[in-house]
Structures are given as C-alpha cells and as structure tokens.
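Taking it in order: structure first as structure tokens, then the write-up.
The values are calculated or read from the model by the stated rules, or taken from the named source; none is laboratory data. Remember, predicted model here, so these are calculated numbers, not experimental data. Methodologically, a virtual Cβ is constructed for each residue, glycine included, from the backbone with ideal geometry; neighbour enumeration extends over all protein chains shown.
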Amino acid sequence: MKDFFEPPLPPGWKWSSGWSIDKSQYVDKEGWAYGPDIISLRWPPTSSQFSTKSASDVVRRRRWIRTRHSFSDQGTECLQSGASTVHPGASAVLSWRSTSKDSDQCLQVRPKFDNSQPSYSWGCAIAVGSSYIYSKDQLLDPSSRLPSVTPNCSLKLNELEKKDILLCCNPNSGSKQLWFSVCTDASVLNTELNVPVYDWRISISSPLKLENRLPCPVEFSISEKIKEGNCIERHRGTVSSRHSVHIYSADIQKLLYITLSVQDGWVMEKVITFILKKVS
C-alpha cells in the first residue's frame with residue numbers, strides 16, 4: 001500500500017512485515033465492521049453484530065496492521081528467548097507478546113563476569129516488598145519479622161505486578177553470594193481500548209548503596225553478623241567524595257555493620273556502626 005502514511009518508528013525498532021487487513025475479531029470476510037455512526041463504531045468491535053451490515057448502518061471501518069521488531073541500538077537489546085547480556089546502565093526491550101495470557105516466558109537474572117570470575121546460578125527470589133526490610137529489633141527477634149516468600153527462580157512476565165524482589169545468586173564454586181533488588185513498576189498508556197494497557201519497566205539494582213557526601217575520600221568495610229555471633233567482612237573499598245558505591249555481597253536480611261576510615265587526616269570516633277533499616 002504505497003499511499004499509506006508511514007508512522008515513524010521509535011529508536012531500536014524496524015518493520016518486519018508489510019501492511020495487511022486485521023481480521024481477528026467481529027468483522028466480515030474483508031475485515032469491515034459496520035455501525036449507525038462513527039461514534040458507536042469504536043475499535044475494536046465488541047460483538048458479532050458489527051460484522052454484518054444492517055439497514056440502519058451508514059458507516060464502516062477496518063484496520064490495517066503491520067508488525068515490527070526491535071534490534072540492538074544505543075545500548076538497548078531485545079530479549080526474545082535464551083540468555084542475553086545487558087550492560088550496566090543499559091536496557092533491554094522485552095517482547096510485547098511475553099505479557100499475553102497464553103505466554104509462558106519468564107525473566108531470570110544472574111551476574112556475568114569474565115573467565116577469571118566464578119559463574120553464578122540464576123537468581124532465586126528470597127523475599128518480596130517490605131518483607132526483607134527489618135529494623136534492629138526484628139533482626140534480633142526473628143519471630144517478629146514479616147513473612148517472606150517461597151523461593152522462586154523466575155519472574156513470569158504475564159503475571160507482573162508492582163513489587164520489589166530480593167534475589168540471591170549462588171556461585172558454582174566458592175561461597176560468595178551476590179544479592180540483587182528487582183523492582184517492577186508500570187504506567188498506564190492512553191488508548192481507545194476498554195481495558196487499560198500497562199507499560200511495564202523492570203529495573204535491577206543493588207540492595208544496598210553507600211553514598212559519600214563528605215569533602216574527602218572514605219575507606220569502608222561492610223560486615224555481616226553470622227549465627228555464631230561473630231562478624232564476617234563482606235565488602236571493603238574506597239569511595240571518593242560525592243560518589244557512591246553499590247554493595248551486592250551483603251545479605252540485608254541480617255545484621256550489617258559498617259566501618260569507616262576518613263582519609264586526609266580525619267579520625268573517626270566510632271569504629272563500627274550498626275546500619276539501621278527502616279520498615280516501610
């Protein structure tokens with residue numbers, strides 16, 4: 001159809017087919033739907049009465065459709081099936097069909113390193129929402145904690161809902177677990193459909209972030225209390241002034257302590273400080 005207006009595609013997308021008539025529901029064999037006026041003949045037609053022209057019908061309409069698919073562009077990748085890599089700060093476009101009712105596609109997350117680092121298993125959901133955010137009293141008294149979830153290694157894309165998930169990834173060798181926070185959120189798109197259409201966004205981040213607002217660099221260590229009552233160091237490093245560092249190796253469900261050493265001649269009064277978590 002050379003006379004058709006070609007709508008511009010957003011970055012990262014290209015056409016994968018030509019124009020064709022939509023004959024999916026409540027239309028005649030040529031794709032037409034009929035009605036007494038254009039206002040009552042909304043798309044998509046809601047019953048079979050619109051597929052047959054009556055004496056009172058004076059308008060008709062049909063829809064031409066065309067398919068598109070995404071490709072890698074400006075740090076964006078398309079995840080169709082199998083494993084794909086999303087680099088830090090980049091994003092990936094998931095197939096729209098993965099959110100349909102008959103879809104069985106799931107999203108799984110795990111870190112990817114070079115050959116010098118151990119490989120990790122797919123992340124397992126440990127807790128959802130505020131169930132993994134505890135105060136100091138709750139950490140000391142496990143009976144007062146909010147209930148967690150049954151471990152689940154995947155996120156079903158046709159059953160998305162707004163929530164935060166704590167994931168744990170286990171190494172194939174060694175004992176250094178990595179933790180991730182997965183947030184699912186959505187905005188409602190304005191359409192002519194009778195049901196809302198959601199634009200979902202899934203973000204992956206660290207469950208703990210240390211930000212240095214001091215005018216000098218800070219050396220720090222994050223320790224985790226183990227069952228025997230002792231602490232084990234999970235992360236050590238230096239964060240520059242006005243910068244931040246993400247902590248992936250500490251289990252935020254447990255008692256965590258931070259040790260700070262301010263550089264450039266500063267001396268800290270307290271050596272170890274408890275990191276207090278608020279219950280949302």
For region 270-280, state whether one or more residues are more than 29 Å from the chain's Cα centre (by Cα), of a type in the set (Gly, Ala, Ser) and at pLDDT below 90.
no
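The rows are residues; the columns are (1) in the same structural domain as GLN117 (by TED's automatic domain parsing); (2) in a strand (DSSP E or B); (3) of a type in the set (A, V, I, L, M).
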| site | (1), (2), (3) |
| --- | --- |
| ILE165 | yes, yes, yes |
| PHE180 | yes, yes, no |
| ASP199 | yes, yes, no |
| GLU228 | no, no, no |
| ARG236 | no, yes, no |
Are any residues in region 180-231 surrounded by fewer than 18 Cβ atoms within 10 Å (Cβ to Cβ), aliphatic (A, V, I, L, M) and at pLDDT 90 or above, and if so, which ones?
ILE204
Selection count where residues are in contact with a Gly (Cβ under 9 Å, 6 or more places away or on another chain), at pLDDT 55 or above and loosely packed, with under 10 Cβ neighbours inside 10 Å, scope region 71-94:
1
Name every residue in region 205-226 that is assigned to a loop (DSSP other than H, G, I, E, B) and over 31 Å from the mean Cα position of the chain (by Cα), in order of residue number.
LEU214, PRO215, CYS216, PRO217
Could you count how many residues in region 232-254 are touching a Lys or Arg at 6+ places or on another chain (Cβ under 6 Å) and buried (at least 18 other Cβ atoms within 10 Å of the Cβ)?
1
